[in-house]
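Working notes for the structure below.
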Amino acid sequence: MSLALVTMSHSPLLKYADPPAEVADAVQDAFGAARAFVQEYDPTLVVSFAPDHYNGFFYDLMPPFCIGYRAEGVGDYGTAEGPLDVPAERAEELAQWVAERDIDVAVSRRMQIDHGAVQPLEVLFGTLTAVPTIPVFVNGVARPFVTMRRVRRLGEAIGGFLTTLRNERVLVIGSGGLSHDPPVPQWATADDTVRAMLLDGRHPTAAAREARQRRVIDTGRAFAAGTASIKDLNPEWDRALMTTLASGDLSPIDAMTPERMAEEAGNSSHEVRTWVAAFAALGAAGPYNVTYEFYRPIREYIAGFGVMTARTAP
């Protein structure tokens, strides 16, 4: 058994924004470095920690965590649509292991995932079915949020299970963040029409999906131009978090609160929970070494954009 990790920001605007060529090239170089790392490692199993943006999970029933026994991409923002290759028996074993370690986790035999989970798989592998993948949903948009300590413990429990898989090369992925404040609706400020979508917006019409996506695309352009009202990126906050994750000691993250995170790094900074869970899973196998880091604050993508790779130490 061995463990490796890739954490990366995602952005629905990757195919729709037009940052300066130097910035776009730097992001593609970072993706290339992550792909090379994954190709060399040659994983036999992927565990993907990712959020959702009211495309697969809604307020009719919103769990903090969910393990998918089956999953399919919804195809938002030009990402791939269709099923993942989920090893159902292994996913069931994982869910049972986690439950026995006092972590309450939902399960789904019909999970729908959006660009937050699909984009890293496309970047790293090109398709959704290249490597058997267990998707793990980590709520990063819908209040209330569990504590960061609980997120870390989820990752540790999953990592403990992965260490028992003696004949697997497991890659854990954490997708999301870093600081960003895109126009994701909030229940407290939404009107009745938006609340209906937040409650159960599954299978929207093409026109409805296009309207949602257009709002984000237009906000990205305004943010790049300096005219949007959303919260600014916070590179200092982003870099400090990446430093903590690289250190191997995740205990300082326990003190992070949803209120401070939203205030300092935007309402969608909660997506860094996926990074914390992924690094906690890696750390469950022992000390690790970060092998690559990239960071740029990219207004065109409405994201403090980061990529990290790591492996368990020899």
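Worth pointing out:
- Residues being more than 30 Å from Ile298 (Cα to Cα) and within 19 Å of the chain's Cα centre (by Cα) - total across segment 163-204: 1
- Taking the listed residues Glu264, Glu271, the one that is in contact with a helix residue (DSSP H, G or I) (Cβ under 6 Å, 6 or more places away or on another chain), in a helix (DSSP H, G or I) and modelled with pLDDT of 95 or more is Glu264, with no other qualifying.
- Scan of segment 266-305 for residues that are of a type in the set (S, T, N, Q), more than 19 Å from Ile103 (Cα to Cα) and crowded, with 24+ Cβ neighbours inside 10 Å, ordered by number: Ser268, Ser269
- Residue among Val38, Val23, Val74 that is surrounded by fewer than 24 Cβ atoms within 10 Å (Cβ to Cβ) and over 22 Å from Ala130 (Cβ atoms): Val23
- On the stretch given as segment 47-71, residues that are farther than 22 Å from Arg149 by Cβ, crowded, with 24+ Cβ neighbours inside 10 Å and among the aliphatic types (A, V, I, L, M) total 1.
- Residues in segment 201-250 that are assigned to a helix (DSSP H, G or I), modelled with pLDDT of 95 or more and over 18 Å from Gly304 (Cα atoms): Ser247 only.
- Segment 284-314, residues that are in a strand (DSSP E or B) and either at pLDDT below 95 or among the polar types (S, T, N, Q) (or both): Asn289, Thr291, Thr309, Thr312
- Qualifying positions in segment 258-314 - among the charged types (D, E, K, R), free of Cβ contacts under 8 Å to residues at least 60 places away in the same chain and closer than 26 Å to Cys66 by Cβ: Glu259, Arg260
- Check on Arg90, touching a strand residue (DSSP E or B) at 6+ places or on another chain (Cβ under 8 Å), modelled with pLDDT of 95 or more and not β-branched (Val, Ile, Thr): yes
- Residue match in segment 152-161 (condition: in contact with a helix residue (DSSP H, G or I) (Cβ under 8 Å, 6 or more places away or on another chain) and in a loop (DSSP other than H, G, I, E, B)): no
- Residue in segment 188-198 that is basic (Lys, Arg), surrounded by fewer than 18 Cβ atoms within 10 Å (Cβ to Cβ), more than 25 Å from Glu72 (Cβ to Cβ) and modelled with pLDDT of 90 or more present: yes
- For segment 68-75, the criterion of being out of contact with any Lys or Arg (no Cβ under 7 Å at 6 or more places or on another chain) and closer than 25 Å to Leu282 by Cα is met by at least one residue.
The values are calculated or read from the model by the stated rules, or taken from the named source; none is laboratory data. It should be emphasised that the depicted structure is a prediction, and the values quoted were computed from it without experimental measurement. Here Cβ is always computed from backbone atoms with ideal geometry, including for glycine, and neighbour counts include all displayed protein chains.
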